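Student: First the structure, which I've put down as structure tokens, then a few questions once you've had a look.
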Amino acid sequence: MKLFQNNKKLFYIVFYLILFSGIILRLYNINYDNYWYDEILSYWVSDPRISTSSSFDRHQSIEQLPFLFNLLLKYYFNIFSYNPDNGRYLSFIFSILSILTITKICHNLKKNYSFLFCLFLLCFNIFLIGYSQELRPYSMILFFCSLQLLFFFRLIEESNDKNNKLLIFFSVLINILTVSSHPFTLIIFFSIIFFSFLYSIKFKKNLKKLNFTILYTVIFCSFYYVFYLKNLNPIPTWLEQPELKFYTNFYFSGFFGSRLLGLLHLFLLIYLVVVFFKKFKNEYFNLNIFLIIIFFSYFLPIVYGYIFQPIIFSRYIIFVLIPIIILISYLTFEIKIKKIKNLIIIITVLLTLGNLYTETTIKQFFTKRMHYKPDFISALKDINKSKEKSYTLDISLDKYAENSAHLAIENYVNELKKKLNFHQIYYTSKKEYLISNQKKIWVICLTIISKDKCNNSGGNINSFVLLEKNYPSLKSKLLKKKD
């Protein structure tokens with residue numbers, strides 16, 4: 001890294017090249033796919049044309065997650081117009097902001113070039129790129145968690161800061177936003193509490209400012225989560241307790257894009273922690289917050305799953321990438337043997353870039369990209385070309401969610417029709433179709449949520465199938481009413 005020390009211009013070129021690449025990978029073809037089912041729900045809930053209380057009622061009828069993201073999305077749409085093409089840019093913005101805040105944490109820990117390695121791992125992380133292009137709260141969660149940790153280090157390191165009240169105020173505000181974004185973010189909050197406890201035992205003194213923020217956040221949580229849990233919809237039944245093979249990679253394969261890269265980062269993390277473990281007791285004591293977060297992120301949800309019901313899933317602990325990436329970056333640059341340090345950096349960089357060339361993220365620059373999410377637009381185009389212009393939706397979900405899901409999808413399809421200028425296509429409910437003289441109708445069914453029902457010819461619409469078309473995660477059928 002002496003090269004950067006002697007040539008600041010080169011450093012800035014590399015820094016902005018990495019950052020710009022991360023931005024392009026998140027921005028390019030951001031709206032290539034139509035919305036996923038969960039994205040459709042967020043889009044419906046955040047409709048700025050209805051009141052906030054109505055949006056909250058919609059949210060309560062269909063969502064398990066807190067209301068915060070959909071509320072922010074509602075205000076966002078109010079500014080930038082209610083259009084499906086605009087929605088994912090909010091997640092993109094949160095993703096870029098989280099890159100900057102996490103890199104800032106790494107830079108604050110030590111003024112060396114480890115933050116540049118951290119920036120690279122964040123910008124080219126396939127998991128983070130994927131969720132930056134999805135209209136769901138996970139990029140927002142990552143950003144708030146990174147802010148929470150940024151303020152955490154300010155609180156424990158700037159004990160003589162004159163702006164105590166201002167720092168505490170903003171720390172509490174960030175804590176509240178974070179714990180309000182997803183129940184799993186409580187893991188970071190519990191980790192901070194546990195760290196404060198360890199610190200008081202180790203150094204025989206209290207972190208007063210940090211403890212103040214903890215107290216105020218506990219007071220907020222005691223009210224907020226009583227209300228949240230009281231109104232919580234059933235936990236998804238598709239969640240499963242991790243199998244034995246999970247314990248060989250801990251989602252690292254998904255986090256970093258492949259089995260090879262996942263194992264590389266997992267073994268690298270373990271190796272670095274073991275090598276510097278003794279320093280965590282004194283010199284690196286503040287870094288223990290990262291080890292605590294990593295441990296609790298897996299331990300608490302897994303134990304809960306064994307006692308009650310499964311709740312863990314990779315995107316629910318997206319924030320665990322913060323301590324993983326920072327520890328790898330920071331500790332790599334603490335290696336004194338330059339050959340080993342440079343070898344780790346070179347292998348990690350080359351394998352990360354090489355893996356990206358196998359992913360759609362890079363391949364889409366050279367070849368046509370495949371559709372993976374429900375391809376509503378292709379289905380609507382085929383309906384528009386046919387003689388029969390009427391369509392309905394066939395959805396099979398739990399009773400509490402089916403009506404809301406139907407309305408959400410209908411709303412999204414209507415927005416797509418406006419975009420395509422397909423005004424001649426019209427929606428007909430199944431009930432209206434059955435009691436009318438209408439003989440034919442198109443049925444759109446999402447295979448991702450209603451696979452068995454989609455495969456059932458004619459379903460419960462008392463018709464038989466004239467034509468069937470399959471699209472990614474979606475199926476449409478032209479039905480004719482039975483005599």
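Student: Mind checking which residues of the range 173-212 are free of Cβ contacts under 8 Å to residues at least 60 places away in the same chain and β-branched (Val, Ile, Thr)?
Tutor: To start, the set of residues in the range 173-212 that are free of Cβ contacts under 8 Å to residues at least 60 places away in the same chain comprises 173-176, 178-179, 186, 189, 193, 196-197, 200-201, 203-212.
Passing the criteria: Ile174, Ile176, Thr178, Val179, Ile193, Ile201.
Residues checked against (1) modelled with pLDDT of 95 or more; (2) in the same structural domain as Ser181 (by TED's automatic domain parsing); (3) of a type in the set (Phe, Trp, Tyr); (4) closer than 30 Å to Cys445 by Cα:
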{"position": "Leu17", "(1), (2), (3), (4)": "yes, yes, no, no"}
{"position": "Ile23", "(1), (2), (3), (4)": "yes, yes, no, no"}
{"position": "Ile62", "(1), (2), (3), (4)": "no, yes, no, yes"}
{"position": "Ser81", "(1), (2), (3), (4)": "no, yes, no, yes"}
{"position": "Asn86", "(1), (2), (3), (4)": "yes, yes, no, yes"}
{"position": "Ile96", "(1), (2), (3), (4)": "yes, yes, no, no"}
{"position": "Lys104", "(1), (2), (3), (4)": "yes, yes, no, no"}
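Student: Looking at Phe117, Phe170, Phe144, which one is of a type in the set (Phe, Trp, Tyr), touching a residue at least 60 places away in the same chain (Cβ under 8 Å) and assigned by TED's automatic domain parsing to the domain that holds Pro301? Break it down stepwise before answering.
Tutor: Working: Phe170 fails: touching a residue at least 60 places away in the same chain (Cβ under 8 Å); Phe144 fails: touching a residue at least 60 places away in the same chain (Cβ under 8 Å).
Going through Phe117, Phe170, Phe144 in turn, just one is of a type in the set (Phe, Trp, Tyr), touching a residue at least 60 places away in the same chain (Cβ under 8 Å) and assigned by TED's automatic domain parsing to the domain that holds Pro301: Phe117.
Student: Right, another one. Among what's in the range 297-317 and is buried (at least 16 other Cβ atoms within 10 Å of the Cβ) and of a type in the set (A, V, I, L, M), pick the residue that is nearest to Ser253 (Cα to Cα).
Tutor: Filtering the range 297-317 for residues that are buried (at least 16 other Cβ atoms within 10 Å of the Cβ) and of a type in the set (A, V, I, L, M), the one nearest to Ser253 (Cα to Cα) comes out as Ile317.
Student: Run Phe169 past the list (1) modelled with pLDDT under 95; (2) within 30 Å of Leu264 (Cβ to Cβ) and report the number of the one that doesn't hold.
Tutor: (2)
Student: Is it fair to say Ile325 is at pLDDT below 95 and closer than 21 Å to Ser181 by Cβ? Working first, answer last.
Tutor: Working: at pLDDT below 95: no; closer than 21 Å to Ser181 by Cβ: yes.
Judged against the criteria, Ile325 is not a match.
Student: Mind listing whichever residues of the range 321-349 are closer than 23 Å to Ile129 by Cβ and not β-branched (Val, Ile, Thr)?
Tutor: Leu321, Pro323, Leu327, Ser329, Tyr330
Student: Restricting to the range 212-233, name every residue that is surrounded by fewer than 15 Cβ atoms within 10 Å (Cβ to Cβ) and of a type in the set (S, T, N, Q).
Tutor: Ser222, Asn231
Student: How many residues are over 30 Å from His107 (Cα atoms) and under 23 Å from the mean Cα position of the chain (by Cα) if we restrict to the range 331-375?
Tutor: Initial filter on the range 331-375 (over 30 Å from His107 (Cα atoms)): 358, 360, 363-375.
Narrowing further to those that are under 23 Å from the mean Cα position of the chain (by Cα): 358, 360, 363-364, 369-375.
Qualifying residue count, the range 331-375: 11.
Student: Right, something else. Checking the condition under 17 Å from Phe92 (Cα atoms), surrounded by fewer than 20 Cβ atoms within 10 Å (Cβ to Cβ) and not charged (D, E, K, R), which residue from Leu25, Leu72, Leu17, Leu10 passes? Walk me through how you get there before you give the answer.
Tutor: Values: Leu25 fails: surrounded by fewer than 20 Cβ atoms within 10 Å (Cβ to Cβ); Leu17 fails: under 17 Å from Phe92 (Cα atoms); Leu10 fails: under 17 Å from Phe92 (Cα atoms).
Testing whether each residue is under 17 Å from Phe92 (Cα atoms), surrounded by fewer than 20 Cβ atoms within 10 Å (Cβ to Cβ) and not charged (D, E, K, R) leaves just Leu72.
Student: Could you check, for the range 193-205, whether at least one of its residues is buried (at least 24 other Cβ atoms within 10 Å of the Cβ) and in the same structural domain as Ile99 (by TED's automatic domain parsing)?
Tutor: no
Student: Give the residue, chosen from Ile337, Ile294, that is surrounded by fewer than 23 Cβ atoms within 10 Å (Cβ to Cβ), in the same structural domain as Asn249 (by TED's automatic domain parsing) and under 21 Å from Val179 (Cα atoms). Spell out the reasoning first.
Tutor: Working: Ile337 fails: under 21 Å from Val179 (Cα atoms).
Sole residue among the options that is surrounded by fewer than 23 Cβ atoms within 10 Å (Cβ to Cβ), in the same structural domain as Asn249 (by TED's automatic domain parsing) and under 21 Å from Val179 (Cα atoms): Ile294.
Student: With respect to the numbered conditions (1) closer than 27 Å to Asn233 by Cβ; (2) of a type outside the set (A, V, I, L, M, F, W, C); (3) at pLDDT below 85, which one is the sole condition not fulfilled by Gly458?
Tutor: (1)
Student: Output the residue which, of all residues in the range 95-114 that are charged (D, E, K, R) and in contact (Cβ under 8 Å) with a residue 12 or more places away in the chain, is farthest from Leu261 (Cα to Cα). Break it down into steps so the answer makes sense when it comes.
Tutor: Pass one, the range 95-114, residues charged (D, E, K, R): 104, 110-111.
Narrowing further to those that are in contact (Cβ under 8 Å) with a residue 12 or more places away in the chain: 104, 110.
Working: Lys104: 25, Lys110: 26 Å.
Among those that are charged (D, E, K, R) and in contact (Cβ under 8 Å) with a residue 12 or more places away in the chain, it is Lys110.
Student: Okay, moving on. Given the conditions (1) closer than 30 Å to Phe223 by Cα; (2) in a helix (DSSP H, G or I), report the number of the one that Phe117 does not fulfil.
Tutor: For Phe117, the failing item is (1).
The values are calculated or read from the model by the stated rules, or taken from the named source; none is laboratory data. From a predicted model like this one, the values you see are computed outputs, not experimental measurements. Cβ atoms come from the backbone with ideal geometry, glycine included; neighbour counts cover every protein chain shown.
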